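Colleague: This is the structure I have questions about; it appears just below.
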Amino acid sequence: MGSLQLKSIRKAFGGHEVLKGIDLEVKDGEFVIFVGPSGCGKSTLLRTIAGLEDATSGSVRIDDLEVGHVAPAKRGIAMVFQSYALYPHLTVKDNMGLGLKQAGVPRAEIDEKVAKAAGMLSLEPYLARRPAELSGGQRQRVAIGRAIVREPKLFLFDEPLSNLDAALRVNTRLEIARLHRSLKATMIYVTHDQVEAMTLADKIVVLNAGRIEQVGSPMELYNRPANLFVAGFIGSPQMNFIEGERLGDTSAKTVGIRPEHIGLSRDGGDWKGKVIHVEHLGADTIVYLESERVGPLTARLFGEHRYAADDIVHATPVIGAMHRFDADGRVIKTGE
Amino acid sequence: MSKARTSLARTGAVHFALIAYTLVALFPVFLTIANSFKSRNAIFREPLAVPTPETFSLIGYETVLKQGDFIGYFQNSVIVTVVSIALVLLFGAMAAFALSEYRFRGNTLMGLYLALGIMIPIRLGTVAILQGMVATNLVNTLTALILVYTAQGLPLAVFILSEFMRTVSDDLKNAGRIDGLSEYAIFFRLVLPLVRPAMATVAVFTMIPIWNDLWFPLILAPAEPTKTITLGSQIFIGQFVTNWNAVLSALSLAIFPVLILYVIFSRQLIRGITAGAVK
Ligand SMILES: Nc1ncnc2c1ncn2[C@@H]1O[C@H](COP(=O)(O)OP(=O)(O)OP(=O)(O)O)[C@@H](O)[C@H]1O
Ligand SMILES: [Mg+2]
């Protein structure tokens, strides 16, 4: 239980079309992440799955059941919002139990389920408090707890960690990964954060302007992006794009090479250039250079390197790590 | 900006302005109450003086309580005001919720239409209202007044409350929907508590004109059993002789219910529980 099928979902607000035909299949127990630039329709798609927005056309099926006319509470889903959205006048315990109470579950059973969820999230000491008396991280855990208590077939997360600071984000991320393993539930998760997407997902869905650009496992997207957009969106720093002409490659309009697939040397190499800026991150060194032949390049080197601005260096791409794209931005498949 | 250096002069100026305004605002109230405890001669001889043992007199209050059914007028005013406020708040909030929450054809137009009453005084329709009340047999009932005052208060209530309701987080309402709350439960249990300060503001704005109104009681309900206190006090104001003691005493008494209601509402204004709802 917990599979999801979307068939040509379209959604328009007034005359403005936000979702332009989304087809997607999510299998039971999968962790699927939606990524995409701001305003591309991720939240709208999630709300459509939840039933909080009606799709203009298309069908949503949960567990092979058409849910187009089913109320959000009856779809067997739970949603965690970016802004927590806890009920301010209820205690943590009542916040977590409200959904079950509305569904007419007996008191004792609610208490038991709330206690279990609180145990999973280390929320026991706070059960009697109100949301105003909790820290941001605790509030987000309550919001996640409220979702768990409902024992949904499908969890929907809309950027649940973006209001937390970096350290807390890592902790909560681990917690969500652990929850996914122990609950074995299907989860759909929206994020802006590359690291979250790459580490949590079984499957990443890259959205752009209301369309799906590519669906695949994190490594598939990283190693075999289907088009320029995905190539540029996945991976940080961004992939270098070089005009095919400059490399004497007439069959490709654009050639892409990831920063981590460029080696630097002072002595000699393919592309001579001048260092513009260097970022030392400890584990990595990121070097920005302006090369004579292929223009601006970013290189990501493992470990510490003593390059400085205005140094003259030679960049060499790793053989076979280049991605070639045609005039429409689609990848040109090399015979494998 | 250094707070310590500028603060003394600035707080001084601010306090001076506020105190001056308070004095100006309270002066008529003080004058009314002080004079209501003086004898008739003292009122005219030294209107600004506080009552002294020589000039002290309760004659005004005695007249008021003896003449006419003053307690009854009082009751009428309170009933009309409280019921009207309750109806204005209930229907105003419901209309505001619909306007701010649901997307439907003609939403903006409907909002404008409902706000129209802010600009057009309801008194312009007095003749039609009176004809309507006569036709429905509501003349000389408190219901007539309540209906008119509810209509009079709604436009501003809808206008203010819909602005406030737009600020209530969508996520919170959506969380309620996923938890299975009906739209009514979302309205009453999630949204209303969060806009309580706005409701109190609307209540105060609605209350004062209703309590003070003379026009509609005079036209729609001038009969003895339905007189409101403002209308009831008019019997002491004659064309030739005015019983100032009684008028001032009646006015002093009329201040208290409004004061009590105001205190109740202003507490709601301060007590916000939104903190921690979102973010
Ligand atoms: N209720 C609405 N009425 C009109 N337009 C809307 C509404 N909700 C969303 N939109 C529009 O739909 C588009 C997609 O919005 P959505 O919130 O889905 O973006 P998103 O991908 O979640 O962005 P972000 O990453 O910033 O959260 C935006 O252009 C937005 O302006
Ligand atoms: Mg969003």
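Each reported figure results from applying straightforward, stated rules to the coordinates on display, with no laboratory input. Quick caveat: nothing in here was measured; it's all calculated off a predicted structure. Positions of Cβ are generated from backbone atoms using ideal geometry, with glycine treated the same way; all protein chains shown enter the neighbour counts.
Colleague: Residues of segment A:291-314 with the amide nitrogen closer than 20 Å to a label point 7 Å from the Cα of A:D270, along Cα-to-Cβ, please.
Modeller: Hits in segment A:291-314 for A:D270 at 20 Å: A:291-302, A:312-314.
Colleague: Okay, next question. Across peptide A:84-94, how many C-beta atoms of other chains are within 10 Å of each residue C-beta, on average?
Modeller: 5
Colleague: Distance in nm between label sites at A:R330 and A:S8, each 7 Å beyond Cα in the beta-carbon direction?
Modeller: It works out to 2.0 nm between the two label points.
Colleague: Still on this model: Considering every residue in B:179-189, what mean count of other chain Cβ atoms within 10 Å of its Cβ is obtained?
Modeller: Partner-chain Cβ atoms within 10 Å, mean over residues of B:179-189: 4.
Colleague: Turning to a different aspect of this structure: Can you pull the mean other chain C-beta count within 10 Å for peptide A:72-78?
Modeller: Partner-chain Cβ atoms within 10 Å, mean over residues of A:72-78: 3.
Colleague: Evaluate the charge dipole of segment B:69-274 about its Cα centre and quote only its size in Debye, nearest 20, assuming +1 on the Cβ of each Lys and Arg and -1 on the Cβ of each Asp and Glu.
Modeller: That gives a dipole near 260 debye.
Colleague: So if we plug the beta-carbon distance of A:D28 and A:K101 into 1/(1 + (r/R0)^6) with R0 = 25 Å, what FRET efficiency do we get, rounded to 0.05?
Modeller: After rounding to 0.05, the efficiency reads 0.35.
Colleague: Oh, and also: Show me B:243-252, B:62-71 ranked by packing, highest mean number of other Cβ atoms within 10 Å first.
Modeller: Ranking, from highest mean packing down: B:243-252, B:62-71.
Colleague: To continue, here is another question. For chain A, find the longest principal axis of its Cα atoms and tell me its angle to the long axis of helix A:107-120, 0 to 90°, nearest 10.
Modeller: On a 0 to 90 degree scale, this one is about 30.
Colleague: I'd like to know which of A:F302, A:V313, A:I262 lies farthest towards the positive end of the charge dipole of segment A:242-325, counting +1 on Cβ of Lys and Arg and -1 on Cβ of Asp and Glu.
Modeller: Of A:F302, A:V313, A:I262, it is A:I262.
Colleague: Treat every Asp and Glu Cβ in segment A:242-325 as -1 and every Lys and Arg Cβ as +1, leave all other atoms uncharged, and give the resulting dipole magnitude about the Cα centre to the nearest 20 debye.
Modeller: Here the size comes out at about 180 debye.
Colleague: Given A:T191, A:V215, A:G137, which one lies farthest toward the positive end of the charge dipole of segment A:4-230, if we put +1 on the Cβ of every Lys and Arg and -1 on the Cβ of every Asp and Glu?
Modeller: Of the candidates, A:G137 comes out farthest on the positive side.
Colleague: Length gain on complete extension for the stretch B:F240 to B:F30, per 0.36 nm per residue less the alpha carbon to alpha carbon distance?
Modeller: Additional length available on full extension: 73.0 nm.
Colleague: How much net charge surrounds B:S77 when only the other residues with a Cβ under 12 Å from the Cβ of B:S77 are counted, with Lys and Arg +1 and Asp and Glu -1?
Modeller: 0
Colleague: If we count other beta carbons within 10 Å of each Cβ, what is the order of A:F81, B:F74, B:F240, B:F104, fewest first?
Modeller: Ascending Cβ contact count within 10 Å gives the list B:F240, B:F104, B:F74, A:F81.
Colleague: Test of understanding: extend the Cα→C-beta vector of A:M1 to 7 Å, then name every residue of segment A:26-43 with backbone N under 20 Å from that spot.
Modeller: Answer for this model: A:26-32.
Colleague: So what J values fall out for segment A:191-204 if you push phi through Karplus, 6.51 cos²θ - 1.76 cosθ + 1.60 with θ = phi - 60°, rounded to Hz, Gly and Pro as x?
Modeller: 8, 9, 8, 4, 5, 4, 4, 5, 7, 8, 7, 7, 9, 10
Colleague: Using the charge dipole of chain B (Lys, Arg: +1 at Cβ; Asp, Glu: -1 at Cβ; taken about the Cα centre), state which of B:V83, B:P217, B:M199 has its Cα farthest towards the positive end.
Modeller: The one lying farthest along the dipole's positive direction is B:M199.
Colleague: Let me have the 222 nm mean residue ellipticity of chain A computed from DSSP H runs of 4+ only, each contributing -39500 (n - 2.57), with the sum over all residues rounded to the nearest 500.
Modeller: -7500 deg cm²/dmol
Colleague: PRE reach from A:E133 (point 7 Å along Cα→Cβ): which of segment A:87-104 fall under 16 Å by backbone N?
Modeller: Label zone hits: A:87-96.
Colleague: Just from its helices, what would the mean residue ellipticity at 222 nm be for chain B, if runs of 4 or more DSSP H residues each count -39500 (n - 2.57) and the sum is divided by every residue, rounded to the nearest 500 deg cm²/dmol?
Modeller: Only helices count here, giving -23000 deg cm²/dmol.
Colleague: Still on this structure, please answer the following. Using a Gaussian network model of chain B whose springs link C-alpha atoms within less than 10 Å, name the residue from B:V50, B:V191, B:V127 with the highest mean-square fluctuation.
Modeller: B:V127
Colleague: Okay, moving on. Using a simple spin-label model with points 7 Å from Cα along the Cα→Cβ vector, what separation in nm is obtained for A:E290 and B:R166?
Modeller: My value for the distance between the label points is 4.8 nm.
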